[in-house]
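The block underneath contains the structure these notes are about, expressed in structure tokens.
The values are calculated or read from the model by the stated rules, or taken from the named source; none is laboratory data. Everything numeric here is computed off the predicted structure, so don't read it as measured data. Every residue, glycine among them, receives a Cβ derived from its backbone with ideal geometry; neighbour counts consider all protein chains shown.
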Amino acid sequence: MTDHRSTGTRIRRQVLGDAHVDRAEAEQTEFDAAYQDLITQSAWGHVWASDAISMRERSMITLALLAATGSFDEIAMHIRATVRTGASQSDVIEAFQHVAIYAGVPKANRAIKIAKATYAEMDAER
């Protein structure tokens, strides 16, 4: 039987990096502990752990879905994760172009603005 919690923690660290996961775990309280367990097991231990598609493809899909649903708060985090998943800036802009056509130009515009700012921050950190 698969231990989705430990698999999820491993994949989450692989994609988002140790610093991000350590920070999230340090900020966890009794209030959100069950929620953190849910996303660790479900999102990271099931969905992201699947080997049906590559991490690169998963990043592109995730970014497109975040933009298409207007879930802009997590776009920067997933842009930063592309360093570890292998999704290039060309991959990301392709995903956002799909968002523009299928979900709306304003959503794509906002996602692109966030991505550009995040890439600039990442460049400055190097």
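How many residues does the range 79-91 hold that are free of Cβ contacts under 8 Å to residues at least 40 places away in the same chain and crowded, with 23+ Cβ neighbours inside 10 Å?
The initial filter retains those residues of the range 79-91 that are free of Cβ contacts under 8 Å to residues at least 40 places away in the same chain, namely 82-83, 86-91.
Subsequent filtering for residues that are crowded, with 23+ Cβ neighbours inside 10 Å retains 82, 87.
Residues that pass the stated criteria total 2.
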Can you give me the number of residues within the range 96-108 that are under 13 Å from Leu63 (Cα atoms), without any contact (Cβ under 8 Å) to a residue 12 or more places away in the chain and not hydrophobic (A, V, I, L, M, F, W, C)?
1
Within the range 8-33, count every residue that is hydrophobic (A, V, I, L, M, F, W, C) and touching a Lys or Arg at 6+ places or on another chain (Cβ under 8 Å).
3
Does Glu94 fit the bill of being among the charged types (D, E, K, R), assigned to a helix (DSSP H, G or I) and under 20 Å from His4 (Cβ atoms)?
no
Say whether the condition of being farther than 26 Å from His4 by Cα, in a helix (DSSP H, G or I), aliphatic (A, V, I, L, M) and touching a Phe, Trp or Tyr at 6+ places or on another chain (Cβ under 6 Å) is met by at least one residue in the range 68-91.
no
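In the set Ala33, Ala24, Ala43, which member is modelled with pLDDT under 95 and closer than 23 Å to Asp3 by Cβ? It would help to see each step written out before you state the result.
On the way: Ala33 fails: modelled with pLDDT under 95; Ala43 fails: modelled with pLDDT under 95.
On inspection, the qualifying residue turns out to be Ala24.
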Do we find that Gln28 is of a type in the set (S, T, N, Q) and either under 26 Å from Ala87 (Cβ atoms) or in the same structural domain as Ala76 (by TED's automatic domain parsing) (or both) in this structure?
no
Could you please give the count of residues in the range 50-62 that are outside any helix (DSSP H, G or I) and either of a type in the set (S, T, N, Q) or more than 17 Å from the chain's Cα centre (by Cα) (or both)?
3
